[in-house]
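Beneath this line is the structure, given in structure tokens, with notes to follow.
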């Protein structure tokens, strides 16, 4: 039987550079890696069933968009492999309506929000202008599940008819109708942050919600601008989700209040800034990989 330290499954073409960087980093340490994609997924499944191959740990970046990869996780779970971000945890964490309810109970500072069930479950929900008076205009319409990379999110909604239209169009989706949060500015930079939780490590970045441009938050900036709450909020999220990694969005308002905006994204975009203008800073991606390597070495 061939044994590999880490298997990585992916489908998104822009993950290729990330996966290659993982392999180079791990192999320098003498660790064996194995890549699974659409071309060899069935062969891998058969090899696992036939006990010809085994993976000590598994990073799955494919099954969320292609169910053909799901049997791999099930087979490895039975063989006691370490599954990074197992499905039972991610499923609970990425449901924004479910997470919102948990976070309210834990007293996180969140945007004012109305939660709406799916159109299929409740077709006739009475909505009136009192909703909009409380939220303000414009407001946010956010689906509970299908919103990776902002997909399906209406950031500047102005009418009740838009809410009704979205519910009918995506009739299986639950929705969050939210107050629009406006960040303050720090040295001319929008105080909006995307924070990455990477295997017990908090990695904060400046992330402009309009341009999607990243910059690493330096240690001196954390102290100078009183940004330590970014660490506390992210660690609290990690305790609730128990995920190995995720990203979250936090805005700092003009009156210096940290508001949790986008709760948990389990499939972080890891395109490199050196190759993509709106990519993640290379040093952040490398730090993420180093944290993952240390986790695999500890198994």
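Bear in mind these aren't lab numbers, they're just calculated from the coordinates by the rules spelled out. As the structure is a computational prediction, the values presented were derived from the model and not from experiment. Please note: Cβ atoms are built from the backbone with ideal geometry, for glycine as well, and neighbour counts cover all protein chains shown.
Miscellaneous remarks
- Kirkwood-type radius of the chain, with distances r between different C-alpha atoms, in Å: 20.7 Å
- Cα-based Rg and Dmax for region 2-84, where Dmax is the largest Cα-Cα distance (Å): 11.9, 32
- Residues listed by number, region 1-15, amide nitrogen under 18 Å from residue 28 label point at 7 Å toward C-beta: 6
- Estimated distance in nm for a label pair at residue 232 and residue 290, the labels positioned 7 Å out from Cα along Cα-to-Cβ: 2.7 nm
- Mean projection area, nm², convex hull over Cα of region 172-254: 6.8 nm²
- Helix-only CD estimate at 222 nm, as mean residue ellipticity for the chain, using -39500 (n - 2.57) per DSSP H run (n ≥ 4): -10000 deg cm²/dmol
- Förster-model FRET efficiency, 41 Å R0, residue 254 and residue 2, C-beta, rounded to 0.05: 0.10
- Relative contact order (percent, whole number), the chain, Cα cutoff 8 Å, 6+ residue spacing: 17 percent
- For region 221-284, the equivalent ellipsoid derived from the alpha-carbon gyration tensor has semi-axes of 22, 18, 11 Å in decreasing order.
- Mean-position separation - Cα centroids, region 241-299 and region 33-68, in angstrom: 25 Å
- For region 142-266, the relative contact order is 23 percent, taking Cα pairs closer than 8 Å that sit 6 or more residues apart in sequence and dividing their mean separation by the residue count.
- In terms of its C-alpha gyration tensor, region 112-179 has an oblate overall shape, because the principal axis ratio a/c (a ≥ b ≥ c, square roots of the eigenvalues) is not below 1.5 and a/b does not outweigh b/c.
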